[in-house]
Each structure stands twice: as C-alpha cells, then as structure tokens.
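J.: Encoded as structure tokens, here's the structure I'll be asking about.
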Amino acid sequence: MAQTDDRPDDALDGVQLSLPSDFLCLLIAKARQMQGKTGSTDPSASELDDDDMELSAMEDRPSDPVEEEVRSLIDDLPEDEQIELVALMWYGRGDGDWAELHALATQEHTPETADYLCGTPLLADYLMEGAAAFGLDCTEFLQGHA
C-alpha cells in the first residue's frame, strides 16, 4: 500500500513502535476478517444465537467471534500500546504528524479503545498503511492467515 499524503520519508526517523510486529500483523489479519463479513442472513440473530457457528463466522452477527477476538487482543494491551495503536491507525489514515497524533491519542485515551477501533471502517487498511510507514510489511504474514 502506498502512502497517499506528502509526509517526508524521514518523518519517523528515530521513532520506534513498542507494539510487537507479530502482534500488529495478527491484529491486521483479524481486522481484515472482521471487515470482510457479510450482512446476517438471519434477521432474528441475537447475541445468544450461535446455533450455526460456521455460518456466523462469515456473517456480521451480534455474537461475532472474530470481533470478540479483536476486542480481546486490544483490551489485553497495556494502555501505552493501546494509545500507540490508535495513533498508528490515525497515521495510516493520513491524519497528520506522528508526534501530534500520538500526543492526541494520549490525551483522548479512554477504556473504550477496542470499541473505537472495532467501529472504524477500514481499520485493517489504516493499520497496514501505518505499519508500512514504520517499515513493517505484513504481506507475507497475511498470506498465511487469509
């Protein structure tokens, strides 16, 4: 994925992510699975409706196991890594300078980080773009987790 803004190549010189690269690639893979869901074919599906787990894995249902896993991965992160993840998503979206975005994510941090990120359309794409800006390429990892 190519960066779409006019940030200089050296805008991140000296900046190191504390998020482990294998974790970030796994989260991107899971977020892609979450984004790829189709609308539910069962209009009466509820959070307790898990009678067809195979079908529910491909549909966007209230008891979505993929979304629950993504939420769990995010919730289990320490606060500083949750902040970094939000800043990385914003950076990948092209919202501005890393230092400013990281400071804003620190200021705006709440315990609802997973809710915020899971509710972000194109989350996987933005994280992938942000990771690429830091020189992290998850392409090979994603091919093994399609």
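J.: Restricting segment 122-146 to residues that are small (Gly, Ala, Ser) and in a helix (DSSP H, G or I), which is farthest from Ala31 (Cα to Cα)?
T.: By that ranking, first place goes to Ala133.
J.: Then there is this: Using the structure shown, decide if Asp115 is of a type in the set (D, E, K, R) and farther than 19 Å from Met34 by Cα.
T.: Taking the combined requirement at face value, the residue does not satisfy it.
J.: Looking only at residues that are under 12 Å from the mean Cα position of the chain (by Cα) and touching a residue at least 40 places away in the same chain (Cβ under 8 Å) in segment 92-114, which one is farthest from Glu67 (Cα to Cα)?
T.: Gly92
J.: Next question. Taking Ala87 and the conditions (1) within 14 Å of Ala131 (Cβ to Cβ); (2) assigned to a loop (DSSP other than H, G, I, E, B), which numbered condition does it fall short on, given that it satisfies the others?
T.: (2)
J.: Restricting attention to segment 120-135, does a residue exist that is farther than 20 Å from Gln33 by Cα and touching a residue at least 24 places away in the same chain (Cβ under 8 Å)?
T.: Within segment 120-135, one or more residues are farther than 20 Å from Gln33 by Cα and touching a residue at least 24 places away in the same chain (Cβ under 8 Å).
J.: Condition first: within 17 Å of Leu12 (Cβ to Cβ) and crowded, with 18+ Cβ neighbours inside 10 Å. Now tell me which residues in segment 100-133 satisfy that.
T.: If the condition is that a residue be within 17 Å of Leu12 (Cβ to Cβ) and crowded, with 18+ Cβ neighbours inside 10 Å, then Leu101, His102, Ala105, Tyr126, Leu127, Met128, Glu129, Gly130, Ala131, Ala133 are the ones that fit.
J.: Can you tell me which of (1) modelled with pLDDT under 95; (2) assigned to a helix (DSSP H, G or I); (3) closer than 30 Å to Gly135 by Cβ is the one Arg71 doesn't meet?
T.: Failed condition: (1).
The values are calculated or read from the model by the stated rules, or taken from the named source; none is laboratory data. Just so we're clear, the structure is a prediction, and the values are computed from it rather than from any experiment. Because the Cβ atoms are built from the backbone with ideal geometry, glycine has one as well, and the counts that use them run over all protein chains shown.
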